[in-house]
Amino acid sequence: MKSIKQLGIWMDHSVAELIEFSNKKVIKKTLKIAPAFLGPLENLRLNESLINNKEQNHLSDFYKKISDVIKNYDEVLLYGPTHAKTELFNQLKQDVHFDSIKIDIQSADKMTNNQQEAFVRKYFEVEI
């Protein structure tokens, strides 16, 4: 029988905490987004649209990194305090590569590592 690969991702717009329960152990990984370089202060005042484009491209790259990880799982839980989880979810639902992956989203406050692990364990009902 094939085991189901499950992943929990606590995320906001700057960090993603990945939690996987695999072979009776917990595997944790952190993905962070580096601050976007926006250029000299004079340029910032001149073109707000350019700034917004750079920030959106930077965020899109962050979501791409998370998406590349998600491709290796059967079930994924996206949770966290901001709209980042919903933005990523909507992006994933538009990509046919994720049609066979069960992806859920839930709201959650800022959590410690132990709270995150307990949240994901309870959601997937995993016993370690």
- Counting only residues in segment 105-122 that are in a helix (DSSP H, G or I) and buried (at least 16 other Cβ atoms within 10 Å of the Cβ), the one farthest from the chain's Cα centre (by Cα) is identified as R121
- Run D74 past the list (1) without any contact (Cβ under 8 Å) to a residue 60 or more places away in the chain; (2) surrounded by 12 or more Cβ atoms within 10 Å (Cβ to Cβ); (3) within 21 Å of K5 (Cα to Cα); (4) not hydroxyl-bearing (S, T, Y) and report the number of the one that doesn't hold. (1)
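Where a number appears in this text, it was derived from the coordinates with a stated rule and is not lab data. Quantities reported herein were computed from a predicted structural model and do not represent experimental measurements. Cβ sites come from the backbone with ideal geometry, for glycine too, and all protein chains shown count toward neighbours.
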